[in-house]
1. Checking the condition open to solvent by less than 20 Å² (accessible area, probe 1.4 Å), more than 24 Å from Trp183 (Cα to Cα) and without any contact (Cβ under 8 Å) to a residue 40 or more places away in the chain, which residue from Asp98, Asp134 passes?
2. Sort out which residues of region 188-207 are surrounded by fewer than 15 Cβ atoms within 10 Å (Cβ to Cβ) and within 18 Å of Thr241 (Cα to Cα), and write them in order of number.
3. Select, from Thr127, Thr112, Thr120, the only residue that is outside any strand (DSSP E or B) and either open to solvent by less than 60 Å² (accessible area, probe 1.4 Å) or under 19 Å from Gly175 (Cα atoms) (or both).
4. Take region 264-304 and flag every residue that is in a strand (DSSP E or B) and charged (D, E, K, R).
5. State which residue is surrounded by the fewest Cβ atoms within 10 Å (Cβ to Cβ) when the search covers only region 56-83 and only residues that are hydroxyl-bearing (Ser, Thr, Tyr), free of Cβ contacts under 8 Å to residues at least 24 places away in the same chain and in a loop (DSSP other than H, G, I, E, B).
6. So, in region 247-259, exactly how many residues are more than 17 Å from Asp192 (Cα to Cα) and open to solvent by 50 Å² or more (accessible area, probe 1.4 Å)?
7. Do we find a residue being in contact with a Leu (Cβ under 6 Å, 6 or more places away or on another chain), buried (at least 21 other Cβ atoms within 10 Å of the Cβ), of a type outside the set (Ser, Thr, Tyr) and touching a residue at least 12 places away in the same chain (Cβ under 8 Å) anywhere in region 149-160?
Amino acid sequence: MSRTNPKRVHMLVVFVGLAVIVILLIIQSSGQETGEDKDGPVFPRLYHDQVIFESRTTMNNADVLLINTSSGEQWDLSDHEANQYRPDIDKDRAVWQDKRFGYWNIYLKNLTTGSLTQITNLSDRETTPHISGDRIVYITERNGSQDTAIFNISTGKEQMICIAPDVQWQPDIDGDWVVWEDWRRGPKSEGDIYAYNIPENQEIEITNSTSSDWFPSVSDGWAVWQSNRRGNFDIIAENLTTKKQVQITTDPARQWLPAISGDIIVWTDERNRQWDIYGYNLSSGSEFRITTDTGNDAWPTVSDKKVAYISYPENGRSKLVTTEISG
């Protein structure tokens, strides 16, 4: 059986992902007034009262910043002029992809001690890290296509958990579970969702269809993602142990970029002819609206009952906003 051209799949997947990012960056830039500081936040990740994010000076340059939402204190975690992209945070550890030596590698910073550790040291691309406890998941291209790897901070050992053909990307990790977007069946698959149970060393196929299943997130054994199985993007959730699946949204507008923490799911929603942030409580089965302002809101992230997102007002610069879910 012939294998799908990996370069074709890679270009398709990259185009899909970059299209979303470019749209948001164009909106971010278009809101800037003449003479304003051009910095803008993207890719926020929240842990309790700490938000880590990219602060972009241009579409091609970014540093990593951290804000304590309780005290208002802010830190620039970057210690190099090169780009730092796609940060994540768990407890007192932050990770990001870093290009200070000409190649994308993964870095880890201990926020308590201030120590910085280079996790990967390769001439291939290692990107999109996420951290949970002692484990960091990321994508590596050392084998000629995008594969999924885990690094154990305590042991210093790396484990390849998926080396299937073509593209795996957009990984997330929580506890013993890893999820990612997978294109091993080529462009006709439109993208599927896979999971991996670390203690059992077991890969699990979550979706296998011709619909587009993208941007997964995982927490407490639940995976969420966006799927266009009904003709437009909705949010789907599945319990990775029981296989119980829940259709979170059914509105005919598009819902996308989901994130989950515990029993709370958040996403970007277009039902009001603008981008708003909505949420869903898995325990109660109730949906709720988080943002009601004019303009667009996107890139939601959630931790406990707190939500952070990027606001793109009709006039003025984009900004990072945090709020608390009531009830």
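1. Result of the check over Asp98, Asp134: Asp98.
2. Here is the first cut: in region 188-207, the residues surrounded by fewer than 15 Cβ atoms within 10 Å (Cβ to Cβ) are 188, 199-202, 205.
Of everything in region 188-207, those that are surrounded by fewer than 15 Cβ atoms within 10 Å (Cβ to Cβ) and within 18 Å of Thr241 (Cα to Cα) turn out to be Pro199, Glu200, Asn201, Gln202, Glu205.
3. Values: Thr127 fails: outside any strand (DSSP E or B); Thr112 fails: either open to solvent by less than 60 Å² (accessible area, probe 1.4 Å) or under 19 Å from Gly175 (Cα atoms) (or both).
Answer to the check: Thr120.
4. Our first condition is that a residue be in a strand (DSSP E or B); within region 264-304, this holds for 264-269, 276-281, 286-289, 296-303.
Hits for region 264-304 are Asp269, Asp276, Glu287, Arg289, Asp297.
5. Pass one, region 56-83, residues hydroxyl-bearing (Ser, Thr, Tyr): 57-58, 69-71, 78.
When the remaining residues are screened for being free of Cβ contacts under 8 Å to residues at least 24 places away in the same chain, the result is 57-58, 70-71, 78.
This time we only want the ones that are in a loop (DSSP other than H, G, I, E, B), so: 70-71, 78.
Numbers: Ser70: 10, Ser71: 8, Ser78: 21.
My answer is Ser71.
6. Count: 3.
7. Within region 149-160, the first condition is being in contact with a Leu (Cβ under 6 Å, 6 or more places away or on another chain), and the residues that meet it are none.
No.
Conditions (1) under 22 Å from the mean Cα position of the chain (by Cα); (2) crowded, with 22+ Cβ neighbours inside 10 Å; (3) within 17 Å of Asn232 (Cβ to Cβ); (4) without any contact (Cβ under 8 Å) to a residue 24 or more places away in the chain, marked per residue:
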| site | (1), (2), (3), (4) |
| --- | --- |
| Gln245 | yes, no, no, yes |
| Asp269 | yes, yes, yes, yes |
| Ser283 | no, no, no, yes |
| Asp293 | no, no, no, yes |
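The values are calculated or read from the model by the stated rules, or taken from the named source; none is laboratory data. On a predicted model such as this, the values are computed, not experimentally measured, just so you know. Note that we place each Cβ from the backbone using ideal geometry, even for glycine, and neighbour counts take in every protein chain shown. What goes into the accessible areas is simple: the full protein's heavy atoms, side chains included, and nothing from ligands, DNA or RNA. Shrake-Rupley method; radii C 1.70, N 1.55, O 1.52, S 1.80 Å.
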